[in-house]
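Everything on this sheet refers to the single structure shown next.
The values are calculated or read from the model by the stated rules, or taken from the named source; none is laboratory data. Please read these numbers as outputs of a predicted model, since none were measured by experiment. Glycine also receives a Cβ, built like all others from the backbone with ideal geometry; neighbour counts cover every protein chain displayed. With ligands, DNA and RNA removed, areas are computed over all heavy atoms of the protein, side chains included. Shrake-Rupley method; radii C 1.70, N 1.55, O 1.52, S 1.80 Å.
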Amino acid sequence: QVHLVESGGGLVQPGGSLRLSCKVSGINFGLAVMGWYRQAPGNQRELVGTITDDHITQYIDSVKGRFTISRDNVRRTTYLQMNGLNPDDTGVYYCNTKNRGRNFWGQGTQVIVSS
């Protein structure tokens, strides 16, 4: 079975930082393209960024220069380092991968940016 488990969310003040983790099992993680998504209250889930098996990353414009996605294939974990957080970054953050034509999601981790 494929499992994705996110952790690291919490409450942070504007300008602060958080690092989210996503531990993956059940797939060949080293070959997987991993994505980070977020969903703000009342909004649709949106892609934040992705990382390929070759560690090539892409981000949406609103997080470029602030967020960094990385991966540790030994630990089967992908990370989302978030710096310079602002209230617009508030939401539930999910990691995602596709395997054999199916989408797999973690349960999400809540990020609240507020003073």
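Per-structure values
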item	result
Segment GLN1-ILE56, extension gain: residue separation times 0.36 nm, minus the distance between their alpha carbons	17.2 nm
For the chain, size of Cβ-based charge dipole, Lys and Arg +1, Asp and Glu -1, in debye	320
Among ILE69, ILE56, ILE27, residue whose mean-square fluctuation peaks in a GNM of the chain (springs only between Cα atoms under 10 Å)	ILE56
Positive-end residue, the chain charge dipole about Cα centroid, Cβ charges, pick of ALA40, GLN107, GLY16	GLN107
Two-site label geometry, ARG100 and GLN44: point separation in nm, points 7 Å out along Cα→Cβ	2.9
Coil-residue trypsin sites (Lys or Arg not before Pro) of the range 56-90, DSSP, other Cβ within 10 Å capped at 13	LYS64, ARG75
Where TRP105, TRP36 fall by accessible area, highest first, once all protein chains stay in place (1.4 Å)	TRP105, TRP36
Charge context of VAL33, other residues only, Cβ under 12 angstrom, K/R +1, D/E -1	0
Calculated on alpha-carbon atoms, Rg and Dmax of the chain in Å	13.4, 43
Listed residues PHE104, PHE67, PHE29, most fluctuating in the chain (Gaussian network, C-alpha, under 10 Å)	PHE104
Choice from LEU85, LEU31, LEU20 with maximal GNM fluctuation in the chain (Cα, 10 Å cutoff)	LEU31
Heavy atoms of ASP61: accessible area, 1.4 Å probe, square angstrom to 10	120
